[in-house]
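Notes for the one structure printed next.
FYI, it's all coordinate maths here, none of it is from the lab. Being a predicted model, the structure only gives us computed values, none of them experimental. In this analysis, Cβ positions are derived from the backbone assuming ideal geometry, glycine residues included, and neighbour counts consider all displayed protein chains.
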Amino acid sequence: MTQEPVGTANRWKRFSDWDERALRLDKFAAEDPENGFAAFSSPHDPKPAVELSAGAVASMDGVAARDFDMIDTFIANYHIDHEIAPEAMAMPSLQVARMLVDMHVPRGDLVRLARGMTPAKLADVVARLSSLEIAFAYSKMRARRTPGNQAHVTNAKDDPLQMAADAATAVALGFDEIETTMRVARNAWSNAVACAVGASVGRWGTLFQCSSEEAEELKIGMAGFTSYAETVSVYGTEKSFIDGDDTPWSKAFLAAAYASRGIKMRCTSGAGSELLMGFHEKKSMLYLEARCLCLQRAMGVQGTQNGGIDGAPVTCTVPGGMRELMAENLIAVWLDLECASGNDARATESEIRVGAKILPYLLAGSDLICSGFGSILKYDNSFNASLLNGEELEDYLVLQRDFEADGGLTPVGEQQILDLRTRAVEALGAVLEELDLGSPTAEMKSSVVTASGSDETRSYLPRDATIISEAILERGITVVDVIKALHARGFVEEAGHLLQLVRLRVSGDYLQTSALVRQGKVLSAINDENDYLGPGTGYRLDAQRREEIVAIRDVLTREEVLREESLHRAGEVKRISYRLKGTATAGNDRQEVVIGVSPAFGLKLFRTVAGHPLSAVMRELVDGIESGGCKARVVRLRHTADTSFLGLSAAMLSGSGVGIGIQAKGTAVIHQKDRLPHNNLELFSNAPITKLEHYRRMGANAAAYVRGELPEQVVVPTRGEAMGSRYHARVSLIYAIETEMAGEAQEPEELELAFLETKR
């Protein structure tokens, strides 16, 4: 960024700073209902109403039956419960909204009422809730008790080896579902085989989807490679359906086709889709999505992936857009649909907005928190970047730990990941060879195992994947052939895992609402019903799950700190010696500066948090004092480890009345005997960025104070670093070691220093 000359621009410089932040890449839309940019309400939204006559819906939301479009007709015929509608529609919307957040009102009572509500009524109710209330209601209303998550597994080359390795990684991290798509449409079958094999490594039960053209996707499912589908798109306006050559009836037929083959199925909808297609009818996004969700319930599908999906980026440009995405998810679970709650499109370039968007879902829980967490890197995500991707995966794991919230994922060790990725590429390589689809080399496989993304691999290219994919299709290869190939090549466990998942297709157990497979058992809204009714109810982390979640990387313990310090002890023994001379007393030499060191200094702790050996710090302090014409005397203070009292105690022992107090972690202070404890002369509080030259200048300044001068204070410059987050855990552990060695009655000890190495 070029800097403008001072005084030439009539602008506060902070705006230039803000211009460089990622947020500036986000662009925002004015609220404009006439052009579809309205999140919660539009003048063109209908008022909630229903009229029943002769066993039929005579009018709904202000539209007479004779004027119904195909969406109205489908909702009126298959969603509205005539026995419940009069009661539900007569209830004031504010009363129902309060019931949603009342922990004493059971979920089942509210699900029953939703069956009698029109789209406008559902939207009117949830629009009355704040973001906090929506999140609370969502935790109460989701169908399944136990939260889950879904991963995207794709890559820029459609490389089947990388696909298998990344699928195995996603399974290890705990994703309950894996979804893939491709850069080249013809590569669908290759992707499907790769992910099916990779997802069978390590454990069984992770459901898998290959997102392709709807008819092709159904064929892949009938061949046994996939176990669920969710790309059956539903829209909130008739023209949007017509534009896609679809109707609610054709979508319902497709849903039945999946279910008849034992394939779990959700629809896809979400705010912003009609706006992007140009058929928004000037209605609010929430109202249009309420229509979509009533359609889906009427179709009898298991669930929905909604919450913006591809439309999330445009929805988030509108005031209240993120709140609207939460609100439409709430309507979904209120209608008793399984909810894969969006978060699969990166709606912002601001990491702060990304974190803010995911947090309510993490805290409230969801059947599937993301309908596509990019377990791969952003550039490898063939769906386009997700809200969260491989780059942010560890951040998400830490968020789970921070809030003790189950986001569906589990930290995994480095070696375990390498082992699983190796196993996955070997298993897929064996299948390709056994079925005469390819012969990946050792170099190809090894490059994939350690690669973070496709830029680093030396494996298959899209053209290679096309050849494999078309061979699978032309030869009619099915999941049974893959299972046999795995078994024949010695991958017996993986063959068994894949076979067990195929068996579930026959039983149909995972066609229940909100079904996933955990530890070989189906969890669903039937046997794992959400029973939240306030504190102490609903889903809670048990001790085992909490232990899994908190086991992230970079966790320090006292033992680890002591072990690290002991490694530095041998070097310090060669550089410095501290000889005990007896109890320290007050001096009378007016040219001396006493350096008071903390109890563990040079005994159990041997370096500052900046990494400086304590011997080097002491040499600089002594040299600085002597350069100012004074003498240094070193005392170990045993009654305290506090920096201020170390400095004050040193000053009170010093013949000059000036002393330096220093902790082993590097925090130091210049003090004077007649000053209050925390009213020092100079303080070095930023030990992590304090350099040796600063300590030397501290010593020189202490000598200047002895001479009665007012030197230029030493200021250790900062650039806004979050040093607390980096060092406070270590500092607290170090300080605990110091205080353990301190005792109120212990006398100070006089030390004689000897530097054993020539200064470099």
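For region 678-760, the spread of Cα coordinates along the three principal axes comes to 39, 37, 36 Å, biggest extent given first. Taking amide hydrogens as placed 1.01 Å from N in the peptide plane, the amide H of residue 178 sits under 5 Å from those of 151, 207, 208, 209, each at least 5 positions away in sequence or on another chain. Mean sequence separation of contacting Cα pairs (under 8 Å, at least six apart), scaled by the length of the chain, corresponds to a relative contact order of 13 percent.
Helix 558-575 and the longest principal axis of the C-alpha atoms of the chain enclose an angle of approximately 40°.
The alpha carbon convex hull volume per residue for the chain rounds to 217 Å³. The phi torsions of region 185-195, fed into the Karplus equation with coefficients 6.51, -1.76 and 1.60 and a -60° offset, translate into couplings of 4, 5, 8, 4, 5, 5, 4, 4, 5, 4, 6 Hz, rounded to whole numbers, with Gly and Pro shown as x. In order along region 58-68, the Karplus-derived 3J(HN,Hα) couplings, from 6.51 cos²θ - 1.76 cosθ + 1.60 at θ = phi - 60°, round to 7, 7, 8, 6, x, 10, 6, 4, 5, 9, 4 Hz, and Gly and Pro are given as x.
For residue 665, a cut-off of 12 angstrom between C-alpha atoms picks up these aspartates and glutamates, skipping any fewer than 8 places away in its own chain: 565, 642, 738.
Of interest is the spacing of the C-alpha centroids, which for region 454-520 and region 49-112 amounts to 43 Å.
Size of region 150-550 from its Cα atoms: along the principal axes, largest to smallest, the extents are 56, 49, 41 Å. Which of rounded, prolate, oblate describes region 602-718, given a ≥ b ≥ c as roots of the alpha-carbon gyration tensor eigenvalues and a/c under 1.5 marking rounded, otherwise prolate only if a/b is larger than b/c? Taking the square roots of the gyration eigenvalues as a ≥ b ≥ c, region 602-718 is rounded.
Against the chain, whose longest principal axis comes from its Cα atoms, helix 321-334 is set at around 60 degrees. Each peptide in 309-320, 656-667, 386-397, 11-22 was scored by the mean count of other Cβ atoms within 10 Å over its residues; highest first, the order is 656-667, 309-320, 386-397, 11-22. Bridging of residue 521 to lysines at a Cα separation below 26 Å is possible for 140, 264, 484, once same-chain residues fewer than 8 apart are set aside.
Residues whose amide H falls under 5 Å from that of residue 304, counting only those 5 or more places apart or on a different chain, are 267, 338, 339, 340, with hydrogens built in the peptide plane. Per-residue Cβ neighbour counts within 10 Å put 670, 80 in the sequence 80, 670, beginning with the fewest.
Each residue of region 465-476 is assigned a 3J(HN,Hα), and the resulting list reads 5, 5, 4, 5, 4, 5, 5, 4, 5, 5, 8, x Hz, derived from the Karplus form 6.51 cos²θ - 1.76 cosθ + 1.60 (θ = phi - 60°), x at Gly and Pro. Cα centroid separation, region 367-386 to region 210-257: 21 Å. Packing-based ranking of 437-445, 153-161 yields 153-161, 437-445, ordered from highest to lowest mean Cβ neighbour count within 10 Å.
Distance from the alpha carbon centroid of region 169-187 to that of region 672-721 works out to 57 angstrom.
Per residue of the chain, the DSSP helices (runs of n ≥ 4 H) give a summed -39500 (n - 2.57) that works out to -13000 deg cm²/dmol at 222 nm. Of the beta bridges in region 558-755, as assigned by DSSP with both residues counted there, near 65 percent are antiparallel. Summary of packing: across the peptides 86-94, 351-359, 363-371, the per-residue average of other C-beta atoms within 10 Å ranks them, highest first, as 363-371, 351-359, 86-94.
Quick check on region 402-482: take the gyration tensor over C-alpha atoms, sort the square-rooted eigenvalues as a ≥ b ≥ c, and tell me if it's rounded (a/c under 1.5), prolate or oblate. Here region 402-482 falls in the prolate category. Principal-axis analysis of the Cα atoms of the chain puts helix 248-260 at an angle of about 80° to the longest axis.
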